[in-house]
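Chemist: My questions will all concern the structure given below.
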Ligand code: CUA
């Protein structure tokens with residue numbers, strides 16, 4: 001009897017919770033209202049089965065409860081009952097899956113005039129690329145990836161030269177225009193997800209996954225990674241800014257093209273990488289250091305680089321060490337050799353040439369000196 005009552009309370013409580021819960025989806029900001037409809041159908045079908053099955057159990061527990069002198073009859077087979085159960089389950093599962101298949105077919109078939117947006121995931125940051133005036137994205141390959149070419153674009157491909165390479169983790173999109181998203185990963189499984197767009201998809205290393213959406217609300221939307229991809233996973237955030245076409249075009253004009261970033265990488269005076277710390281800053285982004293180390297003193301998986309150089313670091317075993325060039329280089333070369341107090345020992349070994357190590361160290365150093373403003377800008 002107690003079991004029947006408990007089940008009844010769970011059923012009524014669940015339905016009430018569903019009706020009064022404050023935890024609903026964020027307001028929709030894309031064309032994918034169908035995703036919300038699918039969610040409603042799933043909740044409806046599974047909710048109905050949940051209520052009916054549990055109420056049936058409540059009824060049988062009460063109706064056939066133990067009474068003195070009564071004996072249970074054993075009826076292992078009932079063709080009629082089986083036909084009913086198979087029929088109802090089939091209808092339920094078709095209702096769950098069929099509409100979703102139709103929506104998915106739409107989801108991966110973008111309109112012909114869609115703007116292309118490439119998203120590249122890497123532990124633990126997002127990068128973006130948009131086509132230039134030609135409207136085409138150039139080819140890419142893992143073997144081209146370097147500190148100055150973090151997207152791995154083919155330097156010999158003419159179609160890639162005018163491509164817009166977005167520096168940083170924020171991309172802008174025009175309001176009301178369909179966007180075809182093409183996604184690559186440099187390392188492990190990631191998943192680009194902007195909840196208000198209701199759009200997400202896994203990003204599998206070695207292949208390009210794709211979906212499309214049309215932003216329908218202006219604003220700045222936070223993007224997250226929706227696949228557990230390592231210790232920095234919760235830090236793998238980005239932003240999508242949706243704005244009117246004119247503002248978008250103005251923003252687009254300020255972004256460097258692939259050709260410009262390549263020229264800058266040669267370190268010509270006056271370009272963005274004309275100093276060792278600036279090169280180090282670019283490396284810190286391309287190698288993913290920034291996912292765990294802040295430069296503004298904020299908390300991270302690893303120590304912030306603000307004021308790190310020259311500081312005395314305390315190890316787990318109680319010993320101390322002065323953070324100088326030698327310390328930084330030794331630590332980056334072999335991150336597992338020492339354990340800094342207050343931080344998990346999770347830093348991966350990163351492939352760096354001696355020159356790259358010099359640049360990275362110079363950048364870390366610059367975050368503790370007066371030149372900090374100049375470099376970060
Ligand atoms: Cu990338 Cu989680």
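Every number here is computed from the coordinates shown, using simple stated rules; none is lab data. Please read these numbers as outputs of a predicted model, since none were measured by experiment. When we count neighbours, we look across all protein chains shown, and the Cβ atoms used for this are built from the backbone with ideal geometry, even at glycine.
Chemist: Find the Cα radius of gyration of the range 240-351, compare it with 2.2 N^0.38 Å by division, and give the number to two decimals.
Modeler: So the range 240-351 has a normalised radius of gyration of 1.39.
Chemist: Here is a further query. If each residue of separation counts as 0.36 nm, what is the full-extension length gain between residue 108 and residue 368 once their alpha-carbon separation is subtracted?
Modeler: Details: separation 260, 0.36 × 260 = 93.60 nm, distance 4.78 nm.
Gain on extension, residue 108 to residue 368, equals 88.8 nm.
Chemist: In which sequence would 354, 37 go, from the one with the fewest C-beta neighbours within 10 Å to the one with the most?
Modeler: 354, 37
Chemist: Taking square-rooted eigenvalues a ≥ b ≥ c of the alpha carbon gyration tensor, is the range 1-149 rounded, prolate or oblate, where a/c under 1.5 means rounded and, failing that, a/b exceeding b/c means prolate?
Modeler: On the way: a/c = 3.19, a/b = 2.69, b/c = 1.18.
The shape class here is prolate.
Chemist: Residue 312 to residue 222: FRET efficiency via 1/(1 + (r/R0)^6), r the Cβ-Cβ distance, R0 45 Å, to the nearest 0.05?
Modeler: Plugging the Cβ-Cβ distance into 1/(1 + (r/R0)^6) gives 0.75.
Chemist: Here is a follow-up. Would you mind getting me the FRET efficiency between residue 36 and residue 146? Use the beta-carbon distance for r and R0 = 56 Å, nearest 0.05.
Modeler: The formula returns an efficiency of 0.85 here.
Chemist: Please compute the length gained on full extension between residue 330 and residue 70, using 0.36 nm multiplied by the number of residues separating them and subtracting their Cα-Cα distance.
Modeler: 85.6 nm
Chemist: At 20 °C and 1.002 mPa s, grab the translational diffusion coefficient of the chain from Stokes-Einstein with a Kirkwood Rh over Cα pairs, rounded to a whole number in µm² per second. List each step's numbers first, then the result.
Modeler: Values: Rh = 24.9 Å.
This corresponds to a translational diffusion coefficient of 86 µm²/s.
Chemist: Working from the pairwise distances between different alpha carbons, so that the mean of 1/r is found and then inverted, what is the range 149-231's Kirkwood radius in Å?
Modeler: Details: mean 1/r = 0.0690 Å⁻¹.
Averaging 1/r across every pair of different Cα atoms and inverting gives 14.5 Å.
Chemist: Here is a further query. Based on the alpha-carbon gyration tensor of the range 198-265 and its eigenvalue square roots a ≥ b ≥ c, which shape applies: rounded if a/c is under 1.5, prolate if not and a/b is larger than b/c, or oblate?
Modeler: Taking the square roots of the gyration eigenvalues as a ≥ b ≥ c, the range 198-265 is oblate.
Chemist: Shifting gears a bit: With a 10 Å radius around each residue's Cβ, average the other Cβ atoms per peptide and rank 98-108, 288-298, 117-127, highest first.
Modeler: 117-127, 288-298, 98-108
Chemist: I've got another one for you. Determine the relative contact order of the chain: mean sequence separation of Cα pairs under 8 Å and six or more apart, normalised by residue count, in whole percent.
Modeler: Details: 610 pairs, mean separation 51.9, N = 377.
Averaging sequence separation for qualifying contacts and normalising by length gives 14 percent for the chain.
Chemist: Something else about it: If R0 is 45 Å, what FRET efficiency do you get for residue 85 and residue 25 from their C-beta distance, rounded to 0.05?
Modeler: The value I calculate is 0.85.
Chemist: Please work out how much length the chain gains when fully extended from residue 93 to residue 18, using 0.36 nm per residue of separation minus the C-alpha to C-alpha distance, in nm with one decimal. Don't skip to the answer; put the middle values down first.
Modeler: Numbers: separation 75, 0.36 × 75 = 27.00 nm, distance 2.18 nm.
Here the answer is 24.8 nm.
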